[in-house]
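To start, the structure itself, in C-alpha cells.
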C-alpha cells in the first residue's frame, strides 16, 4: 500500500493488488471514503480519532471497489451510497472466483440513489451517472475533484465485457465526460495514475479513438 496527499484534504491510498485507488476526503471534522477496496486497515489508520466518517461512496459495486467497505461501516456506522443501477452488480458479483475473495455483506447500510446531487454531513457532491463499465457506474464531483471509478483511466477506460456492462453506454458516457469536463479538473480514477483532464486528453488515445467514431 502507498499513501499520497494529492491536495489538502484529499488522500489516496493505492493498493499494489490490481492497482486500486481508495480516496479519503476531509472537511473539518468529517470525512468521506470513496471505493474502500483492499485498503480498509490503511484507511482507518489515516483517519484521526476526532474525525467522523459520515459516508462511503462507491463509484460502482464491483468487488475490487468495495471489498473492505464493511470494515468502514462497522467502525463508524455510516451509510454507503450506491447508484440504484448497480443493485444487480452488488448482489450477483460480490464473489470473485479468480481472486477467491468475497465481499462481506453490507446491504443493510446501503442507500440506493438516483440523483444528481448528494448531501452527506457537511459535504455537497454532484453526481454524473456514467453507465458502461457497470449499469450503475457514477462520477462524483467534490470541489474540482472528479472521482471517475472505472469509467475513465489516465490512458484507457474500463472494461465493458463484464456482467452488467455495456459498450454502447460506455461510448455515450465517455463522450459526455469529454464534453463536460474542464482542462483543470482533477481526474481521480479507480486504478493507477491520476491527473488533470488536460493531461488525460493528451495521453488517452484509446478514448480519443472512440469519441471520434
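Can you work out which of the residues in segment 78-87 that are out of contact with any helix residue (DSSP H, G or I) (no Cβ under 9 Å at 6 or more places or on another chain) and outside any strand (DSSP E or B) is surrounded by the most Cβ atoms within 10 Å (Cβ to Cβ)?
Ranking the qualifying residues of segment 78-87, first place goes to 86.
What do you reckon, is residue 196 free of Cβ contacts under 8 Å to residues at least 40 places away in the same chain and touching a strand residue (DSSP E or B) at 6+ places or on another chain (Cβ under 7 Å)?
yes
It is to be established whether one or more residues within segment 60-77 are touching a residue at least 24 places away in the same chain (Cβ under 8 Å), surrounded by 14 or more Cβ atoms within 10 Å (Cβ to Cβ), farther than 21 Å from residue 20 by Cβ and out of contact with any strand residue (DSSP E or B) (no Cβ under 6 Å at 6 or more places or on another chain).
no
Which condition number in (1) under 21 Å from residue 144 (Cα atoms); (2) modelled with pLDDT of 90 or more; (3) in contact with a strand residue (DSSP E or B) (Cβ under 9 Å, 6 or more places away or on another chain) is the one that residue 3 fails?
Here residue 3 clears every test but (2).
For segment 136-158, how many residues meet the condition of being in contact with a strand residue (DSSP E or B) (Cβ under 8 Å, 6 or more places away or on another chain) and without any contact (Cβ under 8 Å) to a residue 60 or more places away in the chain?
7
The values are calculated or read from the model by the stated rules, or taken from the named source; none is laboratory data. Remember, it's a predicted structure, so these values are computed and weren't measured experimentally. Methodologically, a virtual Cβ is constructed for each residue, glycine included, from the backbone with ideal geometry; neighbour enumeration extends over all protein chains shown.
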